[in-house]
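*Asks:* So that we are looking at the same thing, I have put the structure below in structure tokens.
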Amino acid sequence: MILRLLLLSAAAVTFASGQPEPGKEAPSAKPDVEKIDATHFRIGEIVFDSKTREIRFPAAINMTEDLLEFLIVHKNGKVHESLFKTDISPTHLNVAFTLLRYKPSPELYSKPASDTDPTETFPEVPEEIKKAARLKIEVEWLDGERLRKIPVNEWVQHTSTGSTMSADPWVYGGSEIVDGKFPPEATGDIVAIYRSQSALINYSGKDHGDDTVWVVYPKRVPPLDSKVTIIISPYETAKP
């Protein structure tokens with residue numbers, strides 16, 4: 001029954017399912033949802049749990065120093081400013097969010113300026129939608145023979161204060177089709193630290209609108225190209 005409901009939901013998702021290079025339009029096709037066991041399913045390289053609503057996918061360390069604007073990008077995207085890179089399709093990730101009943105909140109996508117409103121403004125979003133869009137993001141990796149898992153913010157540092165990035169929630173915005181393209185698929189922007197209109201997910205904490213303050217935390221990150229697993233789950237499960 002769960003698989004049937006997931007497949008019906010997938011059929012209702014209108015986003016393309018291919019994984020083109022950034023800037024290219026994805027082909028329109030329904031993504032295949034594979035059942036692994038009673039609660040686990042797979043779309044491409046993404047595995048998700050219908051009970052816990054946890055999402056897992058592979059990535060690699062892309063930077064060990066310097067300024068960051070993104071947390072995760074597709075390997076063909078803005079790799080010069082992202083902590084992680086991945087092969088997954090942003091469209092597949094968006095489908096997983098949809099099937100797991102996450103609600104996209106556009107609160108961090110600014111509205112276009114106009115003659116009557118030249119300043120940057122943001123849409124009003126009900127609190128229940130905001131809550132349903134908030135995420136916890138963790139990273140899991142092998143440290144020698146020891147499997148470790150921590151919140152991703154522990155690998156990001158604020159240059160002005162020298163402190164670790166605050167464990168504020170990440171916000172699933174969902175993006176939208178623009179000129180027949182799904183922006184995260186076209187750009188490769190998956191999770192942004194510095195607020196991005198085209199990213200699927202954005203950081204909600206202080207200074208998310210400043211592209212000069214976030215860097216890779218020195219000596220905390222494993223070597224370049226180390227394999228990791230990204231884990232996304234509802235923010236309410238995070239401990240304060």
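What follows is calculated from the coordinates using simple rules that are stated; it is not laboratory data. Predicted, not measured: the structure shown is a model, and the values here were computed from it. Glycine also receives a Cβ, built like all others from the backbone with ideal geometry; neighbour counts cover every protein chain displayed.
*Asks:* Could you say which residue among Glu107, Glu124 is surrounded by fewer than 12 Cβ atoms within 10 Å (Cβ to Cβ) and over 19 Å from Ile46 (Cα atoms)?
*Replies:* Details: Glu107 fails: surrounded by fewer than 12 Cβ atoms within 10 Å (Cβ to Cβ).
Step by step, each of Glu107, Glu124 is checked, and only Glu124 is surrounded by fewer than 12 Cβ atoms within 10 Å (Cβ to Cβ) and over 19 Å from Ile46 (Cα atoms).
*Asks:* Hey, which of the strands (runs of 3 or more DSSP E) in region 165-240, taking only ones fully inside, have at least 2 residues that are at negative phi and surrounded by fewer than 19 Cβ atoms within 10 Å (Cβ to Cβ)? If you could, list the steps in order and put the result at the bottom.
*Replies:* Working: elements: 170-172, 189-192, 201-203, 214-216, 227-234.
Ranges flagged: 227-234.
*Asks:* Quick check on my filter: what residues within region 144-181 are in contact with a helix residue (DSSP H, G or I) (Cβ under 6 Å, 6 or more places away or on another chain) and of a type outside the set (Val, Ile, Thr)? Can you show your working first?
*Replies:* Going through region 144-181, the residues in contact with a helix residue (DSSP H, G or I) (Cβ under 6 Å, 6 or more places away or on another chain) turn out to be 164-165, 167, 169, 171-173, 175.
Passing the criteria: Met165, Ala167, Pro169, Tyr172, Gly173, Ser175.
Rundown of residues vs (1) free of Cβ contacts under 8 Å to residues at least 24 places away in the same chain; (2) crowded, with 21+ Cβ neighbours inside 10 Å; (3) within 16 Å of Pro184 (Cα to Cα), yes/no style:
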residue: Asp66; (1), (2), (3): no, no, no
residue: Asn76; (1), (2), (3): no, no, yes
residue: Phe84; (1), (2), (3): no, yes, yes
residue: His92; (1), (2), (3): no, yes, yes
residue: Phe97; (1), (2), (3): no, yes, yes
residue: Glu140; (1), (2), (3): no, no, no
residue: Lys149; (1), (2), (3): no, no, no
